[in-house]
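What follows is a set of notes on a single structure, which appears directly below.
Each value in this text was obtained by applying a stated rule to the coordinates, not by laboratory testing. What you see is a predicted model; the values in this text were computed from it and never measured. Glycine gets a Cβ as well: all are built from the backbone with ideal geometry, and neighbour counts include every protein chain shown.
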Amino acid sequence: MGNVTALQAVDTETLPPPVEAEQRRYRRYAVLLAGKFHRGKTSVDCVILDLSPLGAKLRLSEPLADDAIGTLESDRFGMIPGEVVWSKDESAGIRFLDQPAWIAGLLSMVLPLTKFETDPV
C-alpha cells in the first residue's frame, strides 16, 4: 500500500475560531448609497457601505459620537431610526431601532438585487 502518514487528532475545542467566521445574525450586503445621518437639528453626510436588517456601516463626512441616536436617510429607502454602536474616525456602525423583519421587507423592495432575509442566518 505504500507509505501511509498517520494523522494526528486535533482537539478542535482548543483551536480559535476562523477569522472569517464572524458571528452575524443577518447577512450584510455591500452597497454604495449616498445618505445622511440626522441628529436633532444637525445632519452628517455619509456613504452607506453595507446594510443588513439590523444596521449599516457608514463612511461619514465627520465623526459621530458612540451612542448617538438619530435617523439614517437615503433617497433609496427613506428614513430609518438608528443608534451609533461603534465609531472610528469617519466610519461608524448603526444599529437600526425598528424590527428587522420590517427593515428587511423595506430594503428588499427598494434594492431588488439583494435578498434581505427576514430570518437569521
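Restricting the trypsin sites (Lys or Arg not before Pro) of the stretch 28-68 to loop positions (DSSP other than H, G, I, E, B) with no more than 12 neighbouring Cβ atoms within 10 Å leaves LYS41. Label separation (ILE69 vs ARG39): 1.4 nm, computed from points 7 Å beyond Cα along the C-beta direction.
Each residue of the stretch 95-100 was assigned a 3J(HN,Hα) from its phi angle through the Karplus curve 6.51 cos²θ - 1.76 cosθ + 1.60 (θ = phi - 60°); the sequence is 9, 6, 9, 8, 5, x Hz, with glycine and proline shown as x. Taking amide H as placed 1.01 Å from N in the peptide plane, the amide H of ALA68 sits under 5 Å from that of VAL84, each at least 5 places away or on another chain. Give the residue from ILE48, THR71, LEU60 lying farthest towards the positive end of the charge dipole for the stretch 27-110; charges sit on Cβ (+1 for Lys and Arg, -1 for Asp and Glu) and the dipole is referred to the Cα centre. The residue sitting most towards the positive pole is ILE48. Rounded to whole numbers, the Karplus 3J(HN,Hα) couplings from phi for the stretch 56-70 are 8, 10, 10, 10, 10, 6, 7, x, 10, 6, 4, 6, 5, 9, x Hz, using 6.51 cos²θ - 1.76 cosθ + 1.60 with θ = phi - 60°, and x at Gly and Pro.
Can you compute the modelled spin-label distance between SER91 and ARG25, with each label point 7 Å from Cα toward Cβ, in nm? So the two model labels end up 2.3 nm from each other. The amide H of ARG27, built 1.01 Å from its N in the peptide plane, has GLU117, VAL121 as neighbours under 5 Å, considering only residues 5 or more places off or on other chains. With a Förster radius of 30 Å applied to the beta-carbon distance between GLU62 and ALA101, the computed FRET efficiency rounds to 0.40. Relative to the Cα centre, the charge distribution of the stretch 27-110, modelled as +1 at Lys and Arg Cβ and -1 at Asp and Glu Cβ, gives a dipole magnitude of about 200 debye.
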